[in-house]
Structure formats: C-alpha cells, structure tokens
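A quick write-up on the structure given underneath.
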Amino acid sequence: MNFSPELDVRLSQRQSSIKNVLYITLGLNLLVLETKFSLGLATGSLSLLADALHSFSDSASNILGLIAMRLANPQPDWDHPYGHSKFESLGALGIAGFLIVAGVEILGSAVKRLFFWG
C-alpha cells in the first residue's frame with residue numbers, strides 16, 4: 001500500500017508540526033513546573049505543589065507524546081501494511097494514565113490535609 005507523494009509530504013509536515021508543538025510545550029511545562037514546585041516548597045502551599053504535580057504529568061505526557069510520534073510512522077512497511085499509527089493511540093492511553101495518577105495523588109494530598117493536618 002503506497003501513499004501518493006503529495007500525501008507523504010503532508011503526513012511528514014503534520015508529524016513535524018506536532019513534534020515542534022510538543023517540544024515547545026515541554027519546555028514551557030518544565031519552566032512552569034520548576035516555578036510552581038519552588039514556590040510551593042517555599043510557601044508550604046499544597047495547591048501550588050498539587051499544580052506542580054499536574055505540570056509534571058503534563059511534561060511526562062509531552063515526552064510520551066514525542067515517543068509515540070516517533071514510533072507512529074504513518075508509512076507502511078513490510079510487516080505493517082497500514083503503518084504504525086496505533087502507537088499514537090497507545091500514547092494517548094498512556095497520557096490518560098498519567099492524568100489519572102496525578103488526579104489520585106492530588107486527591108489523596110487534599111484529603112490528608114483536610115482531615116489529618118487540620
């Protein structure tokens with residue numbers, strides 16, 4: 001199964017655009033993570049620390065997205081006649097897992113602070 005040359009170019013440009021956005025977002029997320037974590041530790045603010053955890057999960061999601069994009073080559077090869085696009089779906093599933101873990105951690109911290117640290 002071969003794609004037309006025009007489609008090959010469009011798919012390559014799409015992949016490149018997505019990777020650029022993920023790299024830029026990763027850099028910004030790491031900057032925000034560092035700021036929130038530092039201020040959260042300095043002030044003892046659970047809200048800032050929870051938000052830093054969320055920024056960490058966003059950064060991890062960006063990294064997972066970059067890995068998935070690298071593996072999700074849309075071009076077919078001899079053992080994948082329809083390409084490798086399922087890696088993109090697996091990456092999205094992994095990102096959902098990161099968000100669930102972050103949500104559970106934030107909820108646990110809030111419950112502890114609310115009921116045990118007064």
**OP:** Pull out the extension gain between SER17 and VAL104, defined as 0.36 nm times the separation in residues minus the alpha carbon to alpha carbon distance; nm, one decimal.
**Re:** 28.1 nm
Subject >> From phi via Karplus (6.51, -1.76, 1.60), per-residue ³J(HN,Hα) for region 96-112 in Hz, x at Gly/Pro >> reply: 4, x, 4, 5, 5, 4, 4, x, 5, 5, 5, 4, x, 5, 5, 5, 4
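Coordinate-derived values only; no laboratory data. What you see is a predicted model; the values in this text were computed from it and never measured.
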